[in-house]
Amino acid sequence: MLRQLYDRVFDLARSRHATKALAVVSFAESSFFPIPPDVMLAPMILARPDRAYFYAAVCTVASVLGGILGYAIGYFLTDLGLAMMRLLGHSDGLAQFRAWFDQWGLWVILIKGLTPIPYKLVTIASGLAAFSFPVFIAASVATRGGRFFLEAWILKRWGPAMLAQVEKRLALWSVIGLVALVGLIVAVKLL
């Protein structure tokens, strides 16, 4: 079963629609979609290392544009933004988000933009807090670009060797990935 899923992801990564799908996932993840673009970006880079930086650029631009939508949801559609934040496990309310950004502001975007923590939390909260839009855009470009280009560089440089190891021990790496994902979810919930 894991082998079939693995092969399907790589088939999609090699398809002619892969770049468009990556852009759509990157855009949507920054505002409302639960799955991070890394799920597509990594296999695409491993399938086509020569296009690693192009894929990172597509991911960055689409993610920042999706972030603008997330910001707009928080800023213009406050009730919807608060409802989405509650759905994502952050029901602290508008006053708490504003206080959060008043105290930490730019650092919230810089730190969370680099991590696998759902970026939609940052984008919607930034809009809810009426955080400076130009600073939000600059920080989003820096952090999302930094994250995706670093991932591209790592996978382009060491990806083929990593891919050979993953293919040899697919079940083991799947369990490790699942444990890491569960640990990340628990860590996010505790924050």
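Some points to look at:
- Among the residues of the stretch 43-79, those identified as open to solvent by 80 Å² or more (accessible area, probe 1.4 Å) and assigned to a helix (DSSP H, G or I) are Asp50, Tyr53, Phe54, Val61, Leu65, Tyr75, Phe76, Asp79.
- Test result for Arg157, in a helix (DSSP H, G or I), open to solvent by 50 Å² or more (accessible area, probe 1.4 Å) and at pLDDT 75 or above: yes
- Residue match in the stretch 110-118 (condition: under 20 Å from Ser63 (Cα atoms), at pLDDT below 70, outside any helix (DSSP H, G or I) and open to solvent by 50 Å² or more (accessible area, probe 1.4 Å)): yes
- The numbered conditions (1) open to solvent by 80 Å² or more (accessible area, probe 1.4 Å); (2) among the hydrophobic types (A, V, I, L, M, F, W, C); (3) not in a helix (DSSP H, G or I) are all true for Phe33 except (1).
The values are calculated or read from the model by the stated rules, or taken from the named source; none is laboratory data. Note that the coordinates shown come from a computational prediction; the quantities given were computed from them, not determined experimentally. Side chains included, ligands, DNA and RNA excluded: accessible areas come from the protein's heavy atoms. Shrake-Rupley method; radii C 1.70, N 1.55, O 1.52, S 1.80 Å.
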